[in-house]
Amino acid sequence: MSEVTRAYWDTRHRVHDDLASGGHIGLDRAGNEIFYALRLGTLLPLIGDLADEKAPLFVLDAGCGKGHFARALARCGHRVDAFDASEEAVTHARAQGGRPRYAVAALDEWRSPWPYDVVLCVDVLFHVLDDEEWATGLRNLASLVRITGRLILTDEDIGTRRPRGDYILHRPTAEYTALLEPLGLRHTLFTPYGFRENEVGFHVFTRTR
């Protein structure tokens, strides 16, 4: 990640509140409350309800922002690691408490001695404009998923690239599939957010080998 990009996200997390900084900066507080609730409500069934105190699911929240989803998943009984490239965001997340373990890292930098049941990356990858950085980060996330585990990431379900403004590039589902299938991850589901005009949703890739 370039220093310019890192500075952009540090500034965004410093200037905007805990929801808008990682949500939709064009929405008011009430709109972002709904946006977060809809995304979380869609995400939880994709992760499943198999966690219990003796055998919690091991989840990684990659690009966690200020930790909204990480804290929610921890409250659901999951064991959560979370990281973000923005030190501002991670500092805020840590101050909120809860059980997630936070760190500062870019998508291609995170290393773990163990694989995860679920690797989650919400509204991050379409902000990565550089193709090599996108591919390197995605490969690293894929390497962290255990056998039969899931990589859950978000983007639109489209056939051609679709840039939006100066810092968003939506990539076709086929580009994700072309990179991830050779790594043993099969595309098994797309579930849209269903929020206003937003066409983004959760892509689920399941490790088969």
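The values are calculated or read from the model by the stated rules, or taken from the named source; none is laboratory data. Everything quoted here is computed from the prediction, not taken from an experiment. Note that each Cβ is placed from the backbone with ideal geometry, even for glycine, and that neighbours are counted across all protein chains shown. SASA here: full protein model, heavy atoms, side chains in, ligands and nucleic acids out. Shrake-Rupley method; radii C 1.70, N 1.55, O 1.52, S 1.80 Å.
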Paramagnetic label zone (point 7 Å from Cα along Cα-to-C-beta, ARG196; backbone N under 17 Å) in the range 23-41
23-40
Determine the percent antiparallel among the DSSP beta bridges restricted to the chain, to the nearest 5.
50
May I ask you to give the solvent-accessible area per residue for the range 3-148, in square angstrom, as obtained with a 1.4 angstrom probe?
46
Between ARG139 and ALA55, what is the FRET efficiency for a Förster distance of 30 Å, r being their Cβ-Cβ separation, to the nearest 0.05?
0.55
Inter-label distance, nm, simple model (7 Å from Cα along the C-beta direction), ARG99/ARG14:
3.4
The chain - percent of accessible surface contributed by carbon and sulfur, probe 1.4 Å
54
